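**Q** Would you mind keeping the following structure in view while I ask a few things?
The values are calculated or read from the model by the stated rules, or taken from the named source; none is laboratory data. Source: prediction; values computed, not measured. All Cβ positions, glycine included, derive from the backbone under ideal geometry; neighbour counts span all protein chains shown. With ligands, DNA and RNA removed, areas are computed over all heavy atoms of the protein, side chains included. Shrake-Rupley method; radii C 1.70, N 1.55, O 1.52, S 1.80 Å.
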Amino acid sequence: MTVEELRKEFPILEEDAYGRPLVYLDNAATSQRPCRVIEKWKEMATHSNANIHRALHLLSSRATLEFETARSFIADRINAEDRKQIVFTSGTTAAINLVAFSFGEAFVGEGDEVIVTRAEHHSNIVPWQMMCARKKATIKVLEIEKSGEIIPENLEKLISPRTKIIAICHISNVLGIVNPAKEIVAIAKKYGIPVLLDGAQGVVHQKVDVKDLDCDFYVFSGHKVYAATGTGVLYAKKKWLDAMPPYMGGGEMIKSVSFSGTTYSEAPAKFEAGTQDFLAVPTLFHAMDLQERILGDAELMKNMDDIRDFVLEALLSDPRIHLYGVPRRTEDKIPLFSFTVEGAHHEDLALILDKMGVAVRSGQMCAEPLMDYYGVTGMLRASFAPYNTMEEAKTFIECLDKAIKMLT
């Protein structure tokens, strides 16, 4: 598949922005939707709009089949042992909150520890802080190098007999660096410590194999990988799903309810209380099917690598720009670039770029502790997807140069 052929699957890429062709470079926040995802949501809303699992009528049966087919498909795609290890949530944030609460209730006590890294998204910091406050536990921070890289050996120095879980991002949403997840998991396993991987960016840029990673939990959002918003996935090893209490109570997650006591269903139902987004979840099937095709397409992957190399060289060679997240090996970086410009505020740059038709992200990227580490109030971020072209990359660099000249 060529990039031009792929772009035809995404109707919004034909939009104009202020009379210019849209160059969408905020993919790390939300990817665009292909026709097959849009059509699946419409199909579900038109022909299968009924609560799943709870009725015997035709519409409910259709919706249930689509919902559970998506579960089986995702289990297969990430190489889970059992489809019951896949819990649907509203996104990465909800999945991490679920684990932080339920794992914390079962396994964390006063004086225990949770390890996270300096480079985490707020969604992989705040839920653990809330759990630690409730359980009187503490958070320990694995610092990063100035390059943005994690040194696995430093993790071992932080681990203690009180360490109960380690939670890290697979790929940083700010630095664009692929973390050494397998090495980190291997170190944790030496001490019998479970690991949660925040895969919000990881599942977008790599084929995820949870057996190979050997992580205990893997979480990601559908809206970053072409699916509908309000969709998310929690993968967990069966032993944890069996041992953890439910995060929420309500319909569908029970075996029996009485005023003398309630018994719960097995996973995944135990963690899917209430009405699920049965219109949106089936879009995960089509989104991740497309994603698998993209990751297996040498031409599309080469385009991504070429864009990464071109933009990386352009930003590093510009003395006005300070780029964050430059690993020793180029292959450890995805085409995501966060930077600051001397004498120009990131929001001013983003506003000017927007008027030129280039959509980027500005601010803290939900990573305030990382901003503090680098001594900045915010950054500008350009994040590319497989449907972006080299021409768009060149347009971005040209427009950025114009914007900087206007402000400095």
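**Q** On a C-alpha basis, how far is the centre of the stretch 37-55 from the centre of the stretch 329-400 in Å? Whole number, if you could?
**A** Cα centroid to Cα centroid, the span is 37 Å.
**Q** Next up: Whole number please: convex hull volume per residue, Cα atoms of the stretch 137-203, in Å³.
**A** 90
**Q** How charged is the neighbourhood of Cys366? Take every other residue with its Cβ under 12 Å from the Cβ of Cys366, and add Lys/Arg as +1 and Asp/Glu as -1.
**A** -1
**Q** Could you provide, to the nearest whole Å², the per residue accessible area of the chain with probe 1.4 Å?
**A** Accessible surface, normalised per residue, equals 42 Å².
**Q** If you place +1 on the Cβ of every Lys and Arg and -1 on the Cβ of every Asp and Glu, how big does the dipole about the Cα centre of the stretch 11-90 come out, in debye to the nearest 20?
**A** Charge dipole, the stretch 11-90, about its Cα centre: 280 debye, nearest 20.
**Q** Nearest 500 deg cm²/dmol is fine: what mean residue ellipticity at 222 nm does the chain get from its DSSP H runs of n ≥ 4 alone, each adding -39,500 (n - 2.57), divided by its residue count?
**A** -12000 deg cm²/dmol
**Q** May I pose another question? Which of the trypsin sites (Lys or Arg not before Pro) found in the stretch 1-63 are in a DSSP loop and have at most 16 neighbouring Cβ atoms, other than their own, within 10 Å?
**A** When the trypsin sites (Lys or Arg not before Pro) of the stretch 1-63 are filtered for loop state and at most 16 Cβ neighbours within 10 Å, Lys8, Arg54 remain.
**Q** What residues qualify as long-range amide H neighbours of Val178, i.e. H under 5 Å apart, gap of 5 or more or another chain, H built at 1.01 Å from N?
**A** Under 5 Å from the amide H of Val178: Lys333, Ile334.
**Q** Let me ask something additional. Tell me, what ³J(HN,Hα) does each residue in the stretch 339-350 have, in order and in whole Hz, if you take phi through Karplus 6.51 cos²θ - 1.76 cosθ + 1.60 with θ = phi - 60° and put x for Gly and Pro?
**A** With coefficients 6.51, -1.76 and 1.60, one gets 7, 10, 10, 4, x, 9, 6, 4, 6, 4, 4, 5 Hz.
**Q** Could you check the spin-label model distance between Glu153 and Ile254? Points 7 Å from the Cα along Cα→Cβ, value in nm.
**A** Label-label distance for Glu153 and Ile254, simple model: 5.5 nm.
**Q** So for the chain: antiparallel DSSP bridges make up what percent, rounded to the nearest 5?
**A** Looking only at bridges with both residues in the chain, the antiparallel portion is about 60 percent.
**Q** So, one more: Got a number for the accessible area of Tyr247? Probe 1.4 Å, square angstrom, nearest 10.
**A** Roughly 80 Å² of Tyr247 is accessible to a 1.4 Å probe.
**Q** Follow-up question, since we're still on this one. Of the chain, which part is the longest with no GluC sites (Glu not before Pro) in a loop (DSSP not H, G, I, E, B) and with at most 14 other C-beta atoms within 10 angstrom?
**A** After excluding every exposed loop site, the longest remaining stretch is 146-265.
**Q** Past 20 Å, Cα to Cα, is the threshold; run Lys140/Lys207; Lys182/Lys333; Lys189/Lys237; Lys140/Lys224; Lys40/Lys84; Lys224/Lys355 against it and keep the listed order.
**A** Violating the 20 Å limit, Cα to Cα: Lys140/Lys207; Lys140/Lys224; Lys40/Lys84; Lys224/Lys355.
**Q** Decide, for the stretch 224-278, between rounded, prolate and oblate: order the square roots of the alpha carbon gyration tensor eigenvalues as a ≥ b ≥ c, take rounded if a/c falls under 1.5, and otherwise choose prolate if a/b is larger than b/c, else oblate.
**A** Judged from the Cα gyration tensor, the stretch 224-278 comes out oblate (a/c at least 1.5, b/c at or above a/b).
**Q** To continue, here is another question. For semi-axes √(5λ) of the Cα gyration tensor in Å, one of (i) 36, 28, 18; (ii) 54, 33, 17; (iii) 41, 27, 17 was computed from the structure I shared and the rest are decoys. Which label?
**A** Only one option fits the structure, namely (i).
**Q** What's the local net charge at Gly375, with K and R +1, D and E -1, over the other residues with C-beta under 14 Å away?
**A** Summing Lys/Arg as +1 and Asp/Glu as -1 gives -1.
**Q** Please build a GNM for the chain, connecting alpha carbons under 10 Å apart, and tell me which residue among Thr275, Thr46, Thr262 fluctuates the most.
**A** Taking springs between Cα atoms under 10 Å, the residue moving most is Thr262.
**Q** Using a probe of 1.4 angstrom, how much of the accessible area of the stretch 6-160 is carbon and sulfur, in percent?
**A** With neighbouring chains kept in place, the figure for the stretch 6-160 is 53 percent.
**Q** Same structure, new question: Just to confirm the filter: which chymotrypsin sites (Phe, Trp or Tyr not before Pro) across the stretch 106-204 are DSSP coil and have at most 14 other Cβ within 10 angstrom of their Cβ?
**A** Tyr191
**Q** Over all distinct alpha-carbon pairs, what is the Kirkwood Rh of the stretch 314-408 in angstrom?
**A** Value: 13.8 Å, from the Cα pair sum.
**Q** Additional query: List the trypsin sites (Lys or Arg not before Pro) within the stretch 306-408 that DSSP assigns to loop and that have no more than 11 neighbouring Cβ atoms inside 10 Å.
**A** In loop regions of the stretch 306-408 (DSSP not H, G, I, E or B), the sparsely surrounded trypsin sites (Lys or Arg not before Pro) are Arg328, Arg329.
**Q** Write down, largest first, the equivalent ellipsoid semi-axes of the stretch 1-140 in whole Å, where each equals the square root of 5 times an eigenvalue of the alpha-carbon gyration tensor.
**A** Each semi-axis is the square root of five times an eigenvalue, giving 36, 26, 14 Å.
**Q** Once you've got the Cα coordinates, tell me which of Lys8/Lys394; Lys238/Lys302; Lys8/Lys402 are over 28 Å apart.
**A** Exceeds cut-off: Lys238/Lys302; Lys8/Lys402.
**Q** Along the stretch 308-321, what does the Karplus equation 6.51 cos²θ - 1.76 cosθ + 1.60 (θ = phi - 60°) give for ³J(HN,Hα), rounded to whole Hz, x for Gly and Pro?
**A** Each residue of the stretch 308-321 in turn: 4, 5, 5, 5, 4, 5, 5, 6, 5, 8, 9, x, 7, 10 Hz.
**Q** Among Ile321, Met365, Phe337, whose Cα sits farthest toward the positive end of the charge dipole of the stretch 312-383 (+1 at Cβ of Lys/Arg, -1 at Cβ of Asp/Glu, about the Cα centre)?
**A** Toward the positive end, the furthest listed residue is Phe337.
**Q** For Thr163, list long-range residues whose amide hydrogen, built 1.01 Å from N in the peptide plane, is under 5 Å from its own amide hydrogen.
**A** The list, which skips near neighbours in sequence, is Glu113.
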